[in-house]
1. Give ILE137, ILE118 a once-over and let me know the one that is assigned to a strand (DSSP E or B), at pLDDT 95 or above, under 21 Å from VAL151 (Cα atoms) and out of contact with any Lys or Arg (no Cβ under 6 Å at 6 or more places or on another chain).
2. Kindly state which strands (runs of 3 or more DSSP E) lie completely within the range 36-105 and contain at least 3 residues that are at pLDDT 95 or above.
3. I'm told ASP123 meets every condition in (1) surrounded by 13 or more Cβ atoms within 10 Å (Cβ to Cβ); (2) more than 25 Å from ASP46 (Cα to Cα); (3) at pLDDT 65 or above except one. Can you identify the failing condition by its number?
4. Cβ-Cβ under 6 Å, sequence separation 6+ or interchain: first residue in the range 133-159 and touching a residue at least 60 places away in the same chain (Cβ under 8 Å), partner among the small types (Gly, Ala, Ser). Which pairs?
Amino acid sequence: MRVGDRDVPLELEPTAALAYGLEGAPIWDFEIAGFRFVEPGQILGDGLIMMHPYREGRIPVVLVHGTASSPARWAEMYNELIHDPMVGGRFQFWLFQYNTGQPILYSAMLLRRALKNIVNEVDPQGQDAALQRMVIIGHSQGGLLTKLMAVKSGNRFWEVFRTIRRGGNAGGDPGTFAGSGIL
């Protein structure tokens, strides 16, 4: 850039903006509160946060935080990856926020629903191959939610649950299910 009769180089340091925005931000208050109290009003929308508008052709990387935590815990890693020339141009980063005090299967359902909704919204015709290569990374409890995105159990759990509630057991032999008297 030219200022007067001199050339002055311009520099961009976007990592400082994220750090400044997170300093003292309310997201930090969510961490323990999200574990102790289940208050859905503290979650932004369906919990899925896109760090930038959707970018067709870039593979989504979804970061899922752990117990008593928040998406803000991914800030340092996100800063490193988004500014890496090999990574930043190929991937887009999304975050998933959820109350860690609620049942894991419920949180996994919310994550699955949010991902299905965003894919249907941004690519209703299924043309963007990058969406089919989505990567989901979880830490701690977020790792459990992540694993549940790859598990397809069908109705098996509910079939076993119904059998047990009717006084039967999962294996067919009355003595094989030790927990049947609990339900």
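1. On the way: ILE118 fails: assigned to a strand (DSSP E or B).
Going through ILE137, ILE118 in turn, just one is assigned to a strand (DSSP E or B), at pLDDT 95 or above, under 21 Å from VAL151 (Cα atoms) and out of contact with any Lys or Arg (no Cβ under 6 Å at 6 or more places or on another chain): ILE137.
2. Values: elements: 48-50, 59-64, 91-96.
Strands (runs of 3 or more DSSP E) meeting the threshold: 59-64, 91-96.
3. ASP123 satisfies every listed condition except (2).
4. What qualifies is HIS139/GLY66; SER140/GLY66; GLN141/GLY66; GLY142/GLY66; LEU145/SER107; LEU145/ALA108; LEU145/GLY138; THR146/GLY138.
The values are calculated or read from the model by the stated rules, or taken from the named source; none is laboratory data. These numbers come from a predicted model, not from an experiment. All Cβ positions, even for glycine, are placed from backbone atoms using ideal geometry, and neighbour counts span all protein chains on display.
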